[in-house]
Amino acid sequence: MKNRTLGETLLGTDDSINVEEDNRLTPERLRYEAGRLVVAIFGAFAYSAGINLFVVPLGLYTGGLMGICQLIRSILVNAFGLNFGSFDIAGLIYYAMNIPLFLLARKKMGRIYFIKTLICVTSTTIFLMLIPIPQTVIIDDVLAACVIAGIICGAGIGLVLRMGATDGGMDIVGILLIRWRRDFSVGKVNLFVNCLLYGVCFFLFNVQTVIYSLIYAAFSATAIDRVHAQNINVEVHIITRVDCDALERRVFQELGRGITKWTSVGAYTGNESEILYVIVSKYELNHLRRIVSAYDPDAFIVTTEGVGVDGHFNKHLN
């Protein structure tokens, strides 16, 4: 039985993988990303709806970059006496403060990821301006409203992240930190920043506002990680009898994953076949299945979720 590892030269940094992938966009890949973008925009809508329908009427602060923008808005209104009427200026401030993060994201991420992030942040800003803010709270129970808002907003952000984009702000920072530390998650980064922000808010607002904002932030962070569980790795064994060279190249180019393969012999038939071994994230699994099916619809695929991986394994952003 001979054993060899393929694609090692393609497994440098995530940056090189993204560039390699961007240079080989196929119509199938574009359709796939377009579908994901539609779902991501829906996630941006859910997040914006949660903010305008629940968070703003309660006078709470979401935390992260949006919370900072809301804080700036409150200072402009209360300290400087500026009146924006029913228009919430926080959305525009949020977009302006994302511009430096866009520049950082462009250097660190691939073209597809950057474009989807730019579209999602723009969509969020538009939704925040278009979704009307109720004059009174929808739910009288403030605690229940905080929980519902946290679930809706967190699920919306998680959906955006799961579709291979971000909603801007600390989501970009959190995603980039995942490259540095394996135990980081977007929700944990958001919750950490929120604690610092609310510590400042404690001296500017009443304790009740800070407590309810923290409750919202905790449920939002939990919902984000429930929807976007980027730490789940999947071990995949593919048994096929077709020529694997073209299949392997597509895996390298579109997923940026290395493959170990060896030749095997069926105990019953005595026929030789190839076994391909690859580790992917659970969100890359369906993409891998489509690639394999295109070359061998009869391939035998065995998957195991939640495997631990040490050594040179890149945690991709989408």
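All of the numbers you see were taken from the coordinates with simple rules; none came from a lab. Since this is a predicted model, take the numbers as computed values, not measurements. Cβ atoms come from the backbone with ideal geometry, glycine included; neighbour counts cover every protein chain shown.
A dipole drawn for segment 27-227 from +1 and -1 charges on Cβ atoms has a positive end, and of T136, T117, V77 the residue lying farthest that way is T117. Note on segment 190-257: Cα-only Rg and Dmax are 22.6, 68 Å.
Across segment 232-305, counting alpha-carbon atoms alone, Rg and Dmax equal 11.9, 36 Å.
Here the residues K282, K261, K116, ranked from fewest to most Cβ neighbours within 10 Å of their Cβ, fall in the order K282, K261, K116. Seen from a random direction on average, the alpha-carbon convex hull of segment 122-173 projects onto 4.4 square nanometres.
Packing here is the average count of other Cβ atoms within 10 Å per residue, and on that basis the peptides 130-142, 66-78, highest first, run 66-78, 130-142.
Of V160, V38, the sequence from fewest to most neighbouring Cβ atoms within 10 angstrom is V38, V160. Peptides 161-170, 246-255, 293-302 ordered by packing proxy, namely the average of other Cβ atoms within 10 Å per residue, highest first: 161-170, 246-255, 293-302.
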